[in-house]
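Data first, discussion second: the structure below is written as structure tokens.
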Amino acid sequence: MEDPISPGLLDESDGLNPTRALILQSYYALRRHRLPIHIGTRDISVWIKTFEPREALPSESLIRLTLVQAKLAHRAPGRPRSDGPAKVTGPPLLPAWRPLPGPVRR
């Protein structure tokens with residue numbers, strides 16, 4: 001049986017080589033279960049390590065470049081952010097209560 005990512009099946013005129021094909025394969029495999037904004041370069045790297053352990057691991061910059069050139073939506077680099085404002089767990093910031101100086105009056 002022939003390897004599905006064989007270099008003989010890929011046409012270099014569109015810029016697709018075995019490494020880029022592997023990146024796109026992992027993106028679309030992840031896309032079946034996640035939203036595009038939840039797929040990042042590390043997720044793609046983990047997928048390749050898990051499901052294609054014999055393949056060389058592409059760099060994060062090559063993964064980003066491949067996704068950008070293919071015009072695929074993906075999570076931006078950096079720390080993930082939530083879509084809304086921060087969740088408020090308590091009252092707004094208030095000064096700490098301090099007793100007034102001097103004797104207590106009643």
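Each reported figure results from applying straightforward, stated rules to the coordinates on display, with no laboratory input. Because the structure is predicted, anything quoted here is derived from the model rather than measured.
Using the Karplus relation 6.51 cos²θ - 1.76 cosθ + 1.60 with θ = phi - 60°, the per-residue 3J(HN,Hα) values for segment 43-50 come to 4, 5, 4, 5, 4, 5, 4, 6 Hz, with x marking Gly and Pro. Whole-Hz Karplus values for segment 56-73 come out as 5, 7, x, 6, 5, 5, 5, 4, 4, 4, 5, 5, 5, 5, 7, 6, 9, 6 Hz, taken residue by residue from phi with 6.51 cos²θ - 1.76 cosθ + 1.60 and θ = phi - 60°; glycine and proline positions read x. The fraction of all Cα pairs in segment 14-69 landing in successive 10 Å bins from 0 to the largest distance is 25, 61, 14, given as whole percents.
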